Structures are given as structure tokens and as C-alpha cells.
Amino acid sequence: MTAATSRAPAVITGLGAITPLGPDVAALQEGLLSGRSGVTLLEEPEFADLAARLAARVDMTDRLPRVEARTLDRVQQVALVAAREAWADAGEPEVEPERLAVVIGSGIGGALTILSQNDVLREKGPRRVSPHLVPMLMPNGPAATVGLEIGARGGVHCPVSACASGAEALAVALELLRSGRADVVVTGGAEACVHPLPLAGFAQMRALSMRHDEPEAASRPYDKGRDGFVLGEGAGVLVLETEEHAKARGATVHGRLAGAGLASDAHHVTAPDPSGAGAARSITLALRDAGVSAEDVGHVNAHATSTPLGDLAEARALHLALGSHRPPVTATKSNTGHLLGAAGAVEAIAAVLALKSGVVPAIRNLDDLDDEADVDAVRTVAREHAHDVALSTSFGFGGHDVSLVMTR
């Protein structure tokens, strides 16, 4: 049993992702640095009558054997693909099953299964409903699928915190390692709910971009012309270990998850607190947890969804938490769309990649910075910026505020 040191960082030994920019972490990094967009117009007949018809989807072609895929909801499929990459990247660590845990969040879970099987029930009757329905629809399905894959017996957990789910999963994983309950935790987030019903619901809230004539220009964080987010899908998974365990097996370390901060707005079920107070509190808590100061932050991977209210609330939060310090800010949803429960994990991976490479991706489509967004936004081209500390922020409906601090 490896003893964990109180408030010690977790080392990151494995990275895995499947996103609208491609099937793995290399494609994610290349897409962010080159400024590619994964957003497209939904042209299938079932989307024809929607007010908002944009999405950022992943290509699952040949990613899983057909027999395996048919018993998994799409959200479980993307989680499994990302987890397999992360586990392989970590060198498939040998660890006692009782010391191996999984924490993978999802904001919605198996929505596609619920909707499609409801159609089967209505059109063909109850005897045609899939026997795999329940394990495919349950929100903990992605975590359970990955836990079964690697034989984790140290606990399988699924935070459900809307768009902060993936980030909260990393925070829970960090505590599992610090408490001594696990030596290795496979953690992250997954989401796959590109379907007419969620799109119609988000559109009714006026949360989605309707820039149908320019899909790749639709997600534009902090830009004066932003009109909402673009629904995305995908997964991000990281392998975290105690430093002692990683050293003992000679693991390659990508970076460290040094701290996490969780807070809540108690303001409105969907709208952020315009003052940014709750989000700022999560940032301050994360910095304190990591043992670093605001001035140490080298760059911020902002939640920045491209909504008129949300982006400004976060800009105010950064000012409240960081004071006069203005580190470079990027917002990678401009490339990937908003991956909901997967967003925080994918963006944590992006922050680690920026730390390793010393290059912060530019915010795509930021042509005219909102006058009220007082941030040092990385615009036009990626910025070379050697630094040791990165901050990643995630906020979700319900007022969930989660901030993570990664270090080199």
C-alpha cells in the first residue's frame, strides 16, 4: 500500500481523448494549435426543423468492434476509447485491483439509448425493447464500462454536475489518491447527446449559436458577435497516480494535478452569477489547495462557452480571483464545441499539453474582443509561453463551479 501525503499533487501518467478534432490526444493537440474547428452543420433529415442545427461530432468509425459497440451507449463508447488510449499511454500500470479506482463524470449519460428505445417501445412494443437498455442508459455507464475494462475494485464513481462533471471527476480522483484509498485512478468525463431533443431544448433556452451560414465560425468565446455555444460530444480520460507509485514503476509523467477547488453560485439553475463570485471562489480554493499564488498562474484554459452572459461572468471571476495578474487565456471550445460533461476533462488535457509544449492555443473566431471581457485573450495565433502552472475552469447548470490547477 502506498501512503499518500496530505494535499500532495497527483502525477498524470496517461492521457486519452476522442474529440471533434480527431480520435486521440495527438489530433486534439494538432487541431488546437493549428486552429481547426470540429463544428459542422447537421444536414440529416431529423434535424431539418430545428432552430439550431450545429454540432461538433466525433467519428466513431472502426473505433470499436461492432459486437462490443452494440451493447454500449455512445457515451460509453467514447469513454472506453479515451480510457484505452490513456491506459496504454500510462504503460498499463500494474496495480492491485483494490488500489485501482475509476472516476468518470457525465452530465447526461445514456440519452441516445433512452430516446431511441422509447421509439422502439412506442412503435414495436415492450418485447422489442433491448435487454441492455438499463445498463446503457444509466449515467454511471461510462464509469462502469471503464471500471470493468481495467478491473478496478477500488471504487467506481460518477460525478453528475452538468458541464462541470469532467472537472469534478478529476477533483474526486485527486482526493482518492490523497486519502490513501487508491494508488491509481482513471478519471475524466464523457458525453454524447447530439440528438434533436437536447438541441431543441437548448435552443428554446436561447443557449445555442444559430450561425448556420458559417458553422466553423459559430463558437466564438469573448467575441462581441457571439450568440451561444455549439453542442459537442467526446471524452477525455487521464490516469492519475500517487508520486510514490509512479516513481516505483518508472512511469513517464506528463504533469501534475496539483489542486482543485469546488464552489457553487446559489444564483439560478441555468444562468451564472453575473458577479462571478462563485466561480472566483472555486479558483481561489484551487490555488490554495495547490499551494500556488495567483501570480504563479501561467495560462488559463477558460470554460468560456461563447454565451453572452457566461463569458463575461467568467471574465469577472478571473479578475476577482487573480487581481491585477492577467495570464494568457485560451478557450478551446472555439475548436471543439461544448462537450458538456466531458469538457472539463478534455480541457484539463489541453492545459497539460500547453504546459508541456510551452505553447498556448489561440481562441478561434475571436475577431472583436468584448469590451467588458478584461482578459489577455490569446488571439489569431498560438502563443509561445513557457510556464509552470495552468488553471482550467469549468462551470455547469445548477451553479456548479470547479477549478483545477495543473503544474509541470
Residues being touching a strand residue (DSSP E or B) at 6+ places or on another chain (Cβ under 6 Å), open to solvent by 10 Å² or more (accessible area, probe 1.4 Å) and among the hydrophobic types (A, V, I, L, M, F, W, C) - total across the range 210-225: 0
Lone qualifier among V230, V239 - being open to solvent by less than 10 Å² (accessible area, probe 1.4 Å), modelled with pLDDT of 95 or more and over 26 Å from P198 (Cβ atoms): V239
Unique match (being surrounded by 24 or more Cβ atoms within 10 Å (Cβ to Cβ) and in contact with a helix residue (DSSP H, G or I) (Cβ under 6 Å, 6 or more places away or on another chain)) among A342, A331: A342
Filtered residues of the range 18-36 (kept if open to solvent by less than 20 Å² (accessible area, probe 1.4 Å) and hydroxyl-bearing (S, T, Y)): T19
Residues of the range 297-326 satisfying the condition of being closer than 23 Å to A345 by Cβ, of a type outside the set (A, V, I, L, M) and open to solvent by 10 Å² or more (accessible area, probe 1.4 Å): H303, T305, T307, G310
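Quick grid of which residues meet (1) farther than 25 Å from R181 by Cβ; (2) of a type outside the set (V, I, T); (3) more than 22 Å from the chain's Cα centre (by Cα); (4) surrounded by 23 or more Cβ atoms within 10 Å (Cβ to Cβ):
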site	(1), (2), (3), (4)
A79	no, yes, no, yes
R84	no, yes, no, no
A90	no, yes, no, yes
V95	no, no, yes, no
A101	no, yes, no, yes
G105	no, yes, no, yes
I108	yes, no, no, no
A111	yes, yes, no, no
Residue in the range 258-265 that is of a type in the set (A, V, I, L, M, F, W, C) and either more than 22 Å from V389 (Cβ to Cβ) or free of Cβ contacts under 8 Å to residues at least 12 places away in the same chain (or both) present: no
Any hit, the range 70-83, residues being acidic (D, E) and over 21 Å from A26 (Cβ atoms): yes
Residue match in the range 42-60 (condition: open to solvent by 30 Å² or more (accessible area, probe 1.4 Å), farther than 18 Å from H195 by Cβ and assigned to a loop (DSSP other than H, G, I, E, B)): no
Unique match (being crowded, with 19+ Cβ neighbours inside 10 Å, modelled with pLDDT of 95 or more and more than 19 Å from L404 (Cβ to Cβ)) among D289, D273: D273
Odd one out for L64 among (1) assigned to a loop (DSSP other than H, G, I, E, B); (2) farther than 17 Å from V146 by Cβ; (3) free of Cβ contacts under 8 Å to residues at least 24 places away in the same chain: (2)
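Considering only the range 263-303, state which residues are assigned to a loop (DSSP other than H, G, I, E, B) and charged (D, E, K, R).
Correct list: D265, D273.
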Residue under evaluation L15, criteria (1) touching an Asp or Glu at 6+ places or on another chain (Cβ under 9 Å); (2) surrounded by fewer than 17 Cβ atoms within 10 Å (Cβ to Cβ), criterion not met: (2)
Index of the failed condition, D371 passing every other in (1) among the acidic types (D, E); (2) within 19 Å of L257 (Cα to Cα); (3) surrounded by fewer than 24 Cβ atoms within 10 Å (Cβ to Cβ): (2)
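The values are calculated or read from the model by the stated rules, or taken from the named source; none is laboratory data. Quick caveat, the model's predicted, so the values are computed rather than measured. Glycine gets a Cβ as well: all are built from the backbone with ideal geometry, and neighbour counts include every protein chain shown. These accessible areas exclude ligands, DNA and RNA; they are computed on the full protein's heavy atoms, side chains included. Shrake-Rupley method; radii C 1.70, N 1.55, O 1.52, S 1.80 Å.
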